[in-house]
Amino acid sequence: MRALKRREFLRTGALALGGAFLTSRLAFARTDTSNARFVFIIMRGALDGLAAAPPFGDPDYAGLRRELAIKAPGSPGGALPLNGFFGLHPSLGFLHHSYTAKELVVFHAVASPYRERSHFDGQDVLENGTLQPHAVQTGWLNRALASVQAGHGKELGVALGQNFPLVMRGPASVTSWSPSKLAALDDDTLERITDLYAGDPLLASRLADALAADAIASAAANGAMATNAPRGALAGGAGGMAEAADAASVSEGSPPTAPLQRGKPMRYTEVVRAAAGFLRREDGPQVAVFDTTGWDTHANEGSAEGQLAGRLVALDAGLRTLRDELGPAWAETAVLLATEFGRTAATNGTRGTDHGTATAAFLLGGAVQGGRVVADWPGLSSRSLYQGRDLKPTADLRSVLKGVLSEHLLVSSLALESTVFPSSADVRPIKGLFRA
């Protein structure tokens, strides 16, 4: 019966991971990544993948989810259709548009190597690229950038937000931006600081870079292109990573401080516009990282409407803004959204879901060969659940990450196996995720 369901499932158009691994495309013919753009969005708090990408075709789904179940397409508040088995939450209209435009791949039943249920440890494994939390103090994305940094002559990555994420810490020089919680500085104060630092080349350079980075991000947040911002904001040294008054170097494993910024604490739309402002510059970074929070839906999660739906609406709108703000650069962009783990298959007593294991991830962008679901679906019957409570992981998230890094950023197989994701020789990259 299980084999029959699997065959029927595959015929609906979903792509089994075994087949994905064997798919060979001409994307590897690319030898230049100068126009490639990559955005990694961490969804902190454990996204409910069974709600974001509901498997309405699974006969056990509705019974487990009860009032939280997303109904089949065509029903009031029903899922947005993907392939006859999976759908998208009705709040994800832009993602659905991306799917129909063949710019979205949905991965399901995926998980990092982490199998416990601590947010902090789960996020650490998601970002450090190893098998254990706190095993290293650097992140897989920084190590990947370090492997391709030579010859670029610029910082390839930018982290946006109040906290510098582990995934971007490491040997590669990257930049960062975050608005300050301090009151705005007037021009006279800035002029005095500039004069004070004029005698120290390092401090003067740091201040100039920080202010230039702020100009780029602030202009982007206001909807401007910021094409005339000084090149020094993005090239050489620590760039915008260090606070203007801080001459400390950015060392491996140590997060840099945010630059001197003026304005209010960042909102989601601000960080999206700022990310686009950096990435659309020809002399700017090619990789951006930021996070979203609030996915820990233990109580009153809601279904088609409610708490989770509201957060998905905001996420979806931000992704649409990112596409619009990137303009022509969107055609060379890939955006990956991932979370530390999923949520329980069944609802709890407070109309929510608890910490789980496998979940969904999303890859979208103009560079993506989309319009498909990649999943080796384990089923939601009681005997199929992981530890009797969670969606069982059938794919390693590192296979997705390896596929993105190898095909889109041309990170070598040697680097992927030796430094980016150590001890991962048995995790094969998913091929054919990008347009040839």
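Here's the yes/no breakdown for (1) assigned to a helix (DSSP H, G or I); (2) surrounded by fewer than 23 Cβ atoms within 10 Å (Cβ to Cβ); (3) in contact with a Leu (Cβ under 6 Å, 6 or more places away or on another chain); (4) not hydrophobic (A, V, I, L, M, F, W, C):
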residue: Ala274; (1), (2), (3), (4): yes, no, yes, no
residue: Asp291; (1), (2), (3), (4): no, yes, no, yes
residue: Gly302; (1), (2), (3), (4): no, yes, yes, yes
residue: Val313; (1), (2), (3), (4): yes, yes, no, no
residue: Pro328; (1), (2), (3), (4): yes, yes, no, yes
residue: Ala331; (1), (2), (3), (4): yes, yes, no, no
residue: Phe341; (1), (2), (3), (4): no, no, no, no
Identify the residue in region 123-137 that is touching a Ser or Thr at 6+ places or on another chain (Cβ under 9 Å) and not in a helix (DSSP H, G or I) and, among all such residues, is surrounded by the most Cβ atoms within 10 Å (Cβ to Cβ).
Gly129
Taking the condition of being of a type in the set (A, V, I, L, M), surrounded by 22 or more Cβ atoms within 10 Å (Cβ to Cβ) and either touching a Leu at 6+ places or on another chain (Cβ under 6 Å) or more than 8 Å from Lys402 (Cβ to Cβ) (or both), how many residues in region 421-436 meet it?
1
Could you tell me whether Pro285 is surrounded by 22 or more Cβ atoms within 10 Å (Cβ to Cβ) and either at pLDDT below 95 or outside any helix (DSSP H, G or I) (or both)?
yes
Test set (1) free of Cβ contacts under 8 Å to residues at least 24 places away in the same chain; (2) in contact with a helix residue (DSSP H, G or I) (Cβ under 8 Å, 6 or more places away or on another chain) - Glu282 fails condition number
(2)
Every pair of residues 6+ apart whose Cβ atoms lie under 8 Å, when the first sits in region 413-436 and is assigned to a loop (DSSP other than H, G, I, E, B) while the second is buried (at least 17 other Cβ atoms within 10 Å of the Cβ) and of a type in the set (Ser, Thr, Tyr):
Phe421/Thr130; Pro422/Thr130; Ser423/Thr130; Val427/Ser399; Arg428/Ser399; Pro429/Ser399; Pro429/Ser406; Ile430/Ser399
Within region 306-328, is even one residue at positive phi and touching a helix residue (DSSP H, G or I) at 6+ places or on another chain (Cβ under 8 Å)?
no
Here is a check on your reading of the model: is Leu92 crowded, with 23+ Cβ neighbours inside 10 Å and either modelled with pLDDT of 95 or more or of a type in the set (A, V, I, L, M) (or both)?
yes
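The values are calculated or read from the model by the stated rules, or taken from the named source; none is laboratory data. These numbers come from a predicted model, not from an experiment. Glycine gets a Cβ as well: all are built from the backbone with ideal geometry, and neighbour counts include every protein chain shown.
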